[in-house]
1. May I ask you to say which residue of LEU102, LEU48, LEU76 is surrounded by fewer than 24 Cβ atoms within 10 Å (Cβ to Cβ), more than 21 Å from ASP329 (Cβ to Cβ), under 19 Å from the mean Cα position of the chain (by Cα) and touching a residue at least 60 places away in the same chain (Cβ under 8 Å)?
2. Taking region 246-278, which residues are in contact with a Gly (Cβ under 7 Å, 6 or more places away or on another chain), over 17 Å from ASN19 (Cβ atoms) and modelled with pLDDT of 95 or more?
3. I'm checking my understanding of the structure. Among residues of region 133-172 that are among the aliphatic types (A, V, I, L, M) and under 16 Å from ALA260 (Cβ atoms), which one is least open to solvent (accessible area, probe 1.4 Å)?
4. Only one of (1) under 22 Å from LEU247 (Cβ atoms); (2) open to solvent by 10 Å² or more (accessible area, probe 1.4 Å); (3) in a helix (DSSP H, G or I) fails for GLY61. Which number is that?
5. With respect to VAL175, determine if the residue is modelled with pLDDT of 95 or more and buried (at least 19 other Cβ atoms within 10 Å of the Cβ).
6. Between ARG223, ARG288, which is open to solvent by less than 60 Å² (accessible area, probe 1.4 Å) and not in a strand (DSSP E or B)?
7. Before we move on, is ARG297 in contact with a Ser or Thr (Cβ under 9 Å, 6 or more places away or on another chain), crowded, with 16+ Cβ neighbours inside 10 Å and modelled with pLDDT of 95 or more?
Amino acid sequence: MELPFVTLDVFTSKRLEGNPLAVISVPKSLEAELTQAKKQKIAQEFNLSETVFMHEPEGDGGSQLRIDIFTVESELPFAGHPTIGSAVLAKFHWYPAVDTLLTKSGPINLEVPSSGQSKQKQESVRARISQDVRLHKKTLADAIPRDQHASFPGLSHHLPAVRDAELAAPVFSIVRGMTFVLVKLPSLELLGGLDQGLRLDFDHLPNGPLLDEDRQPYGFVSRYYYVDQGIDDNSDGVVRKIRTRMLELGFEDPATGSAASALSAYLTVAGKSQHARFEITQGVEMGRRSVIQVETRADVQEEGGEVQIRELWLGGEAVVVQKGTLMVD
């Protein structure tokens, strides 16, 4: 079996920065032969944070495109940089008529930002995420007994201020099966001092499951650290700028669109905002600077102030780095 593939750097227009992504093209004639087990092995072969399997377009005029997203360990219902990388590859290189990605978390509509930019800058997209947000009742402080807060494996005990922030951080899902512990830090110095080797066992917390009962099994859970850098009011409008890092599973991710989406949705809900824009910069500490754009629109009830996310748009650029053929027995 021979399958064309492309690698891209996502959330950047500069090669060798951003977050690497492999995309495998799957022709209809090989769909049955390319089993889930083979997809998992291929993802392990590329050994990137995610690998996408892109099926040939479906629907009227080839406007719908199914993608499957795999880490080296399992399949994901949704992930941000695979969505943006796949969308850029489809819209600008393989399937220009595509306007919808079909993922396990639901359909994702695509938009190309208005022109007037350079050709390189035009290879960017916005994707309307099929979100199903939930702020969970528990925090890590609830799921770990108080007498273990200073010793439980996987917490940032080398930086007590970070550990305390981890224990108190809100637990927020962007879709079912994709959840983040949103750890707010007071300084870039603390953000830069995080330990890349820590791994927290979310599946075996002493006081029971971290997620609400109706959102189990967990799926993917990770910590996402951020420093709020305030509001930038420029010619493009008001944008909230944030620096982030995602360290889990024993490695650091250069750009995590799903976590950026979760963080933006959470801040929108917490701030009771009807409309907000975010520019989230990640990967700086590891030399792979990535810029993630998120825009949210929400309905805020007059009585009680409950906020419901109506639209969430994830945006960014991507650039092709490699092209080749994968050969699988």
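1. Selected residue: LEU76, the only one of LEU102, LEU48, LEU76 that is surrounded by fewer than 24 Cβ atoms within 10 Å (Cβ to Cβ), more than 21 Å from ASP329 (Cβ to Cβ), under 19 Å from the mean Cα position of the chain (by Cα) and touching a residue at least 60 places away in the same chain (Cβ under 8 Å).
2. Within region 246-278, ARG277 is the sole residue that qualifies.
3. Going through the qualifying residues, I end up with ALA169.
4. Condition (1) is where GLY61 drops out.
5. No.
6. None of the others qualify; the one that does is ARG288.
7. Taking the combined requirement at face value, the residue does not satisfy it.
The values are calculated or read from the model by the stated rules, or taken from the named source; none is laboratory data. Computed from a prediction, not measured in an experiment: that's the story for all the values here. Glycine gets a Cβ as well: all are built from the backbone with ideal geometry, and neighbour counts include every protein chain shown. Each accessible area value is taken on the protein alone, full model and side chains, heavy atoms only, with ligands, DNA and RNA left out. Shrake-Rupley method; radii C 1.70, N 1.55, O 1.52, S 1.80 Å.
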